[in-house]
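Encoded as structure tokens, the structure appears first; notes follow it.
The values are calculated or read from the model by the stated rules, or taken from the named source; none is laboratory data. What you are looking at is a predicted structure, and each value in this text was computed from that prediction instead of being measured. In this analysis, Cβ positions are derived from the backbone assuming ideal geometry, glycine residues included, and neighbour counts consider all displayed protein chains.
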Amino acid sequence: MSHSAASTHVPLARTVVCSPHFDDAVLNCWSVLDRDASCAVVNVFTGAPGFTSWGDRRNGAPSSAAQMQQRALEDREALAVAGKTAINLGMLEVQYRVRNNPLLHAGPLQLLSAALKQMPLLRSAVVRLPFVRPMLYATPAPEAEQIAEAIVQAVPGASIFCVPAGIGGHRDHLLVRQAGAVLASRGLTVRLYADLPYAVIHGWPLWISAPEGERATDRASALWARHLQALRPQMGEPIEHARVVRLTLGERARKAEAVRRYTTQVATIDAEFSRGGLDQDSAFAHEVYWDLQPATRDTSQPSGQVRLGA
Ligand SMILES: [Zn+2]
């Protein structure tokens, strides 16, 4: 290990941006990528399945392997805007862990799944039922410890790890958040980042950016509080005490340029940003971070509090 570091003359990165999917580092931690010359990027779910998924076929991809190759290429081009390259861990993202059965993606089951998405508590209870998981998944999700270990091995010597806050409840984001909790329990510095675009589906919370003339119902704050609830004991401070980074106009322009290089994803990302998509002024105005308290023994882990949707 030490000889590879010595032989390549690459300074050891101190901060690692842990990106569940190819685009999350650029979308959520652009200020880190753009300002910190020594930071590293680790993409977790970058593997291709040995089949062509129903979703990729519907989107016209020749195969899921080709689709992931394309996404990896787009990611290299996007990260190049900040002069960065990523380390890809090759684990399977949730859409490739699910059984490749068209019945699961169409008709009544899809309606049921859409309905359950509106009822997160019921949904997490249903997917925990012992007979449901093998019905839905061909490949089990990796354990948080396994992800944490892979990240640490990928960037030896790193001490600060940026992981998703899990706002929006995406299963892969929650897995990387859990890996962050594992790293925090080892005494490493773990920083949560607000997940774009899910976190701004109702716009920014009013304590970050209050648009003029709007009614003062803060649906965004309520959404953030709900998704961060399980981590409140480890956050120590109120959610509003986040570190809000204001991107300069130059940083926003470079970030927009990088995001547009994800050509296969940009339409979806655009649709998920509320109120005017990527073109609105505020889309890339802020990035939001919270530090987990260092070396908190993760007491919520065994009882399953942070294992939301796992
Ligand atoms: Zn993602």
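Output yes when any residue across the range 179-188 is surrounded by fewer than 17 Cβ atoms within 10 Å (Cβ to Cβ) and among the basic types (Lys, Arg), and no when none is. Break it down stepwise before answering.
Of all residues in the range 179-188, those surrounded by fewer than 17 Cβ atoms within 10 Å (Cβ to Cβ) come to 186-187.
Next, only the ones that are among the basic types (Lys, Arg) stay: 186.
Yes: the range 179-188 contains one or more residues that are surrounded by fewer than 17 Cβ atoms within 10 Å (Cβ to Cβ) and among the basic types (Lys, Arg).
Might you let me know whether the range 68-80 holds any residue that is assigned by TED's automatic domain parsing to the domain that holds His173, hydrophobic (A, V, I, L, M, F, W, C), modelled with pLDDT of 95 or more and more than 16 Å from the ligand (Cβ to nearest atom)?
If we filter the range 68-80 for residues that are assigned by TED's automatic domain parsing to the domain that holds His173, which is where we start, we get 68-80.
Going one step further and asking which of them are hydrophobic (A, V, I, L, M, F, W, C), we end up with 68, 72-73, 78-80.
Those left that are additionally modelled with pLDDT of 95 or more: 68, 72-73, 78-80.
Okay, now just the ones that are also more than 16 Å from the ligand (Cβ to nearest atom), so 73, 80.
Checking the range 68-80: at least one residue is assigned by TED's automatic domain parsing to the domain that holds His173, hydrophobic (A, V, I, L, M, F, W, C), modelled with pLDDT of 95 or more and more than 16 Å from the ligand (Cβ to nearest atom).
Beta carbons closer than 6 Å, at least 6 apart along the sequence or on distinct chains, pair a first residue in the range 148-175 that is under 15 Å from Gly90 (Cα atoms) with a second that is away from the ligand (no atom under 16 Å from the Cβ) and assigned to a helix (DSSP H, G or I) for Ala148/Val182; Ala148/Leu183. Kindly establish whether Val152 is β-branched (Val, Ile, Thr), in contact with a helix residue (DSSP H, G or I) (Cβ under 9 Å, 6 or more places away or on another chain), closer than 27 Å to Arg226 by Cβ and surrounded by 14 or more Cβ atoms within 10 Å (Cβ to Cβ). Taking the combined requirement at face value, the residue does not satisfy it.
Whether any residue in the range 204-218 is farther than 21 Å from Ser19 by Cβ, β-branched (Val, Ile, Thr) and modelled with pLDDT of 90 or more is what I want to check. Checked the range 204-218: at least one residue is farther than 21 Å from Ser19 by Cβ, β-branched (Val, Ile, Thr) and modelled with pLDDT of 90 or more.
Lys117 meets the conditions (1) within 29 Å of Arg261 (Cβ to Cβ); (2) at pLDDT below 95 in every case but one. The failed one is (1).
I'd like the full set of residues that are at negative phi and touching a Phe, Trp or Tyr at 6+ places or on another chain (Cβ under 9 Å), limited to the range 156-174.
We begin by selecting, within the range 156-174, every residue at negative phi; these are 156, 158-165, 167, 170-174.
If the condition is that a residue be at negative phi and touching a Phe, Trp or Tyr at 6+ places or on another chain (Cβ under 9 Å), then Cys162, Val163, Pro164, Ala165, Ile167, His170, Asp172, His173 are the ones that fit.
Selection over the range 48-71 of residues that are part of a loop (DSSP other than H, G, I, E, B) and out of contact with any Asp or Glu (no Cβ under 8 Å at 6 or more places or on another chain) gives a count of 10.
Kindly evaluate Val26 against the criterion of being in the same structural domain as Leu249 (by TED's automatic domain parsing), in contact with a strand residue (DSSP E or B) (Cβ under 7 Å, 6 or more places away or on another chain) and within 16 Å of the ligand (Cβ to nearest atom). No: the conditions fail for Val26.
When the range 184-199 is limited to residues that are within 14 Å of the ligand (Cβ to nearest atom) and in a helix (DSSP H, G or I), the one that is nearest to Arg232 (Cα to Cα) turns out to be Ala199.
Suppose we keep only residues that are part of a helix (DSSP H, G or I) and in contact with a strand residue (DSSP E or B) (Cβ under 8 Å, 6 or more places away or on another chain) within the range 161-183. Which one would you say is nearest to the ligand (Cβ to nearest atom)? Outline the logic, then answer.
We begin by selecting, within the range 161-183, every residue part of a helix (DSSP H, G or I); these are 171-183.
After this cut, where a residue has to be in contact with a strand residue (DSSP E or B) (Cβ under 8 Å, 6 or more places away or on another chain) as well, the list is 173-174, 176-177, 179-181, 183.
Details: His173: 6, Leu174: 11, Val176: 9, Arg177: 11, Ala179: 14, Gly180: 14, Ala181: 18, Leu183: 19 Å.
Checked the range 161-183; the qualifying residue nearest to the ligand (Cβ to nearest atom) is His173.
Residue under question is Pro130, and the condition is that it be at pLDDT 85 or above, more than 30 Å from Asp34 (Cα to Cα) and assigned to a loop (DSSP other than H, G, I, E, B); does it hold?
It is false that Pro130 is at pLDDT 85 or above, more than 30 Å from Asp34 (Cα to Cα) and assigned to a loop (DSSP other than H, G, I, E, B).
Among residues that are under 22 Å from Gly50 (Cβ atoms) and either at pLDDT 80 or above or charged (D, E, K, R) (or both), Val98 is included. Within the range 29-67, the set of residues being within 16 Å of the ligand (Cβ to nearest atom) and under 20 Å from Gln153 (Cα atoms) comprises Val41, Val42, Asn43, Val44, Phe45, Thr46, Gly47. Look at the range 23-47: where a residue is free of Cβ contacts under 8 Å to residues at least 40 places away in the same chain and a partner is outside any strand (DSSP E or B), sitting 6+ places away or on another chain with Cβ atoms under 7 Å, you get Ser38/Pro11; Ser38/Ala13; Ser38/Arg14.
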